[in-house]
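**Q** Take a look at this one; I'll ask things after.
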Amino acid sequence: NAGVMQNPRHLVRRRGQEARLRCSPMKGHSHVYWYRQLPEEGLKFMVYLQKENIIDESGMPKERFSAEFPKEGPSILRIQQVVRGDSAAYFCASSPLRVLWTEAFFGQGTRLTVV
Amino acid sequence: AQKVTQAQTEISVVEKEDVTLDCVYETRDTTYYLFWYKQPPSGELVFLIRRNSFDEQNEISGRYSWNFQKSTSSFNFTITASQVVDSAVYFCALSEALTGGGNKLTFGTGTQLKVEL
């Protein structure tokens, strides 16, 4: 859905660098979900955030990955010291409600390539 | 744990043929939602349908139809008179409650549909 804006669309990082992925939810949406799609696989849940709070990060790798959703500005998914295995498409979805009963409004994704 | 199985990795059909994409799910929740998404070569996710567990009526939208059968835990998707523009990866997904509130989607591995002239 064009309403959820992700940038950049494509990101190339060398091994060891940091990657910052941004997600601006649809207007009025205060809930953000991040998903990762590894090559040839389906999407896998990473983290669920509300404004200024991480609600569930059960899908986040334990190291190098972090996410935030500040009071002002977009949600950020940060990957430190990237490795080749981090190459994937990262999608975010937003919702106006606590539950994702409505269609999940996904952004167009950020394709991260680690070289 | 929740699980979504899309056993068909890749399907090739000739234009105008009908094609059915299978989706089988596992859940212990009594209330849940099922989704289908289309991912064209451009990479974005296009929402197709959401169906709640209490509504087993089949749904038709143009050339698309969905068959939800709770007894077999299946939510199959049929495209009638397929077109080249239908070529994409199709994902079935199941909602799952998160411990701290909210829900996440558990996706299947997708079915690559190729429609040829």
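The values are calculated or read from the model by the stated rules, or taken from the named source; none is laboratory data. These numbers come from a predicted model, not from an experiment. Cβ sites come from the backbone with ideal geometry, for glycine too, and all protein chains shown count toward neighbours. Note: areas computed on protein heavy atoms with side chains; ligands, DNA, RNA excluded. Shrake-Rupley method; radii C 1.70, N 1.55, O 1.52, S 1.80 Å.
**Q** Out of (1) out of contact with any helix residue (DSSP H, G or I) (no Cβ under 9 Å at 6 or more places or on another chain); (2) more than 13 Å from chain A (Cβ to nearest Cβ); (3) on the phi < 0 side of the Ramachandran plot, the odd one out for B:Val24 is which?
**A** (1)
**Q** Looking at this structure, is A:Lys62 without any contact (Cβ under 8 Å) to a residue 12 or more places away in the chain, open to solvent by 10 Å² or more (accessible area, probe 1.4 Å) and more than 14 Å from the chain's Cα centre (by Cα)?
**A** yes
**Q** Additional query: Is there a residue being open to solvent by 10 Å² or more (accessible area, probe 1.4 Å) and over 18 Å from B:Tyr37 (Cβ atoms) anywhere in the stretch B:85-96?
**A** No.
**Q** Going by the structure shown, is A:Arg84 in contact with a strand residue (DSSP E or B) (Cβ under 6 Å, 6 or more places away or on another chain) and either surrounded by 14 or more Cβ atoms within 10 Å (Cβ to Cβ) or under 17 Å from B:Ala97 (Cα atoms) (or both)?
**A** So A:Arg84 does not fit the description; no.
**Q** When only residues in the stretch A:17-37 that are open to solvent by less than 50 Å² (accessible area, probe 1.4 Å) and farther than 17 Å from A:Gln50 by Cβ count, which is nearest to the other protein chains (Cβ to nearest Cβ)?
**A** A:Gln37
**Q** Shifting gears a bit: Report yes if A:Gln81 is polar (S, T, N, Q), part of a loop (DSSP other than H, G, I, E, B) and either more than 20 Å from B:Trp36 (Cα to Cα) or more than 8 Å from chain B (Cβ to nearest Cβ) (or both), otherwise no.
**A** Taking the combined requirement at face value, the residue satisfies it.
**Q** When you check B:Lys16 against the structure, is it away from chain A (no Cβ under 14 Å) and either touching a residue at least 24 places away in the same chain (Cβ under 8 Å) or closer than 24 Å to B:Leu98 by Cβ (or both), yes or no?
**A** Details: away from chain A (no Cβ under 14 Å): yes; either touching a residue at least 24 places away in the same chain (Cβ under 8 Å) or closer than 24 Å to B:Leu98 by Cβ (or both): yes.
Yes.
**Q** Still on this structure, please answer the following. Pull out all pairs, ordered by first then second residue, where Cβ-Cβ is under 9 Å, the residues are six or more apart or on different chains, the first lies in the stretch B:74-99 and is away from chain A (no Cβ under 11 Å), and the second is of a type in the set (D, E, K, R) and open to solvent by less than 20 Å² (accessible area, probe 1.4 Å).
**A** Within 9 Å, the pairs are B:Phe75/B:Arg51; B:Ile79/B:Asp86.
**Q** Can I ask one more? For residues that are open to solvent by 60 Å² or more (accessible area, probe 1.4 Å) and either within 11 Å of chain A (Cβ to nearest Cβ) or among the β-branched types (Val, Ile, Thr) (or both), tally how many sit in the stretch B:48-64.
**A** Of the residues in the stretch B:48-64, 2 are open to solvent by 60 Å² or more (accessible area, probe 1.4 Å) and either within 11 Å of chain A (Cβ to nearest Cβ) or among the β-branched types (Val, Ile, Thr) (or both).
**Q** Which of the residues spanning the stretch B:100-117 are of a type in the set (Lys, Arg) and within 14 Å of chain A (Cβ to nearest Cβ)?
**A** Of everything in the stretch B:100-117, just one residue is of a type in the set (Lys, Arg) and within 14 Å of chain A (Cβ to nearest Cβ), namely B:Lys104.
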